[in-house]
Amino acid sequence: MVTFPRRPVKNTVLFSLVFSLIWGACTIDLPGFFASDDFAERLKDRNAFVFLTPQDRNITLGDTYSFVVLTDTHIEGSDAHGLDRLKRVLLPPSDPGGGDKFVVVTGDITQSGYPEEVRTFLEIAKSLGIPCYPVLGNHDTYFGHWPVWRDLIGSSLYRIDADSATLLILDTANAAFGADQLDWIKKELSTAKPRVFAFTHANFFVDDLTDRQQFTDIKERAKAISLFTGRCDVLFSGHVHKRIIRDIAGVRYMSNEDYRSKKTYCRVYVSPGGIRYDFKTL
């Protein structure tokens, strides 16, 4: 009988940890283990728009309306995993709930940030007939591709104002806010509309240790939560590829399932009576 020497327990633990990190990563891609090194550069330019038109940035919502949020589409080359079907399910203005006014995709729109992937997304976004607001994710910055986003889409940090709501599109592709972005959030919240919806890629909360990593600095996360308290209605995120909903100090934090594998999207209904949600599958 052939016997093998027992490996030290510490090696087994190390293997388990590495396996968990890979399994829990946004996808099994080695670049995902490293943060993009252009975070400070990305935050320099705010509210600079290439893709979004002036009409996209000045929308009318009214008191009763709906909008759609989805995340982690991970477009690969020209393969958008059926995202073009989204247009078929958007609610028209004649809908009793006011109709869908806009769409937000909360990051990892592309698999690797290549120009072809970004252009595939933009082609679909333009076809929707309503504004589509992109959020930068960690995959969108892979291989130094932030300049592709900047040149084809514009800023990764921007504000959209409507008649009754403010949308804050935030850059958490490095699983961080940074002091400068937190100062910007504080300033923008002070002049925001009565309703505020914020959108990030990185998730604020996890269900267990196997979930994808959230913000790397818990003090920074706590500061962000304190800024949103009493001023933000809902903060939407992605990255974790699962639905996690937490209500903290009157703010709802929602991480959605990834679109690529689950084909899930969330429709948000807003009315004077409140906010409700409906999760659908394409």
For the stretch 205-232, pairs from a residue that is of a type in the set (S, T, N, Q) to a residue that is outside any loop (DSSP other than H, G, I, E, B) and at pLDDT 90 or above, with Cβ under 7 Å and 6 or more apart or across chains, are Thr229/Val251
Considering only the stretch 129-185, state which residues are within 20 Å of Glu116 (Cβ to Cβ) and surrounded by fewer than 20 Cβ atoms within 10 Å (Cβ to Cβ).
-> Phe143, Gly144, Pro147, Arg150, Asp151, Leu152, Gly154
Run Glu116 past the list (1) part of a loop (DSSP other than H, G, I, E, B); (2) of a type outside the set (Val, Ile, Thr); (3) in contact (Cβ under 8 Å) with a residue 24 or more places away in the chain; (4) surrounded by fewer than 18 Cβ atoms within 10 Å (Cβ to Cβ) and report the number of the one that doesn't hold.
-> (1)
Qualifying positions in the stretch 165-198 - assigned to a helix (DSSP H, G or I) and either out of contact with any helix residue (DSSP H, G or I) (no Cβ under 8 Å at 6 or more places or on another chain) or of a type outside the set (S, T, N, Q) (or both) | Ala179, Asp180, Leu182, Asp183, Trp184, Ile185, Lys186, Lys187, Glu188, Leu189, Ser190
Quickly run through the stretch 199-214 and pick out the residues that are among the hydrophobic types (A, V, I, L, M, F, W, C) and either modelled with pLDDT of 90 or more or not in a loop (DSSP other than H, G, I, E, B) (or both).
-> Phe199, Ala202, Phe204, Phe205, Val206
Which ones in the stretch 89-120 are farther than 25 Å from Val270 by Cα and of a type in the set (Gly, Ala, Ser)?
-> Ser112, Gly113
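Residues are listed down the side, and each one gets a yes or a no for (1) farther than 28 Å from Tyr65 by Cα; (2) more than 19 Å from the chain's Cα centre (by Cα):
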site: Leu152; (1), (2): yes, no
site: Tyr158; (1), (2): no, no
site: Asp163; (1), (2): no, yes
site: Asp171; (1), (2): no, no
site: Ala176; (1), (2): yes, no
site: Val196; (1), (2): no, no
site: Asn203; (1), (2): no, no
site: Asp208; (1), (2): yes, yes
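Residues in the stretch 57-68: is at least one within 17 Å of the chain's Cα centre (by Cα), modelled with pLDDT of 50 or more and not polar (S, T, N, Q)?
Taking every residue of the stretch 57-68 in turn, at least one turns out to be within 17 Å of the chain's Cα centre (by Cα), modelled with pLDDT of 50 or more and not polar (S, T, N, Q).
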Somewhere in the stretch 222-238, is a residue surrounded by fewer than 17 Cβ atoms within 10 Å (Cβ to Cβ), over 20 Å from Thr166 (Cα atoms) and not aliphatic (A, V, I, L, M)?
-> yes
Count of residues meeting criterion [touching a Ser or Thr at 6+ places or on another chain (Cβ under 6 Å) and surrounded by 18 or more Cβ atoms within 10 Å (Cβ to Cβ)] in the stretch 47-79 | 3
Could you say whether any residue in the stretch 25-36 is at pLDDT 90 or above, assigned to a loop (DSSP other than H, G, I, E, B) and among the aliphatic types (A, V, I, L, M)?
-> no
Of the residues in the stretch 119-164, those that are of a type outside the set (D, E, K, R), in contact (Cβ under 8 Å) with a residue 24 or more places away in the chain and assigned to a helix (DSSP H, G or I) number 16
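Considering only the stretch 37-46, state which residues are in a loop (DSSP other than H, G, I, E, B) and surrounded by 14 or more Cβ atoms within 10 Å (Cβ to Cβ).
Residues satisfying the conditions are Asp38, Arg46.
The values are calculated or read from the model by the stated rules, or taken from the named source; none is laboratory data. For clarity, every value in this text was computed on a predicted model and none was experimentally measured. Note that we place each Cβ from the backbone using ideal geometry, even for glycine, and neighbour counts take in every protein chain shown.
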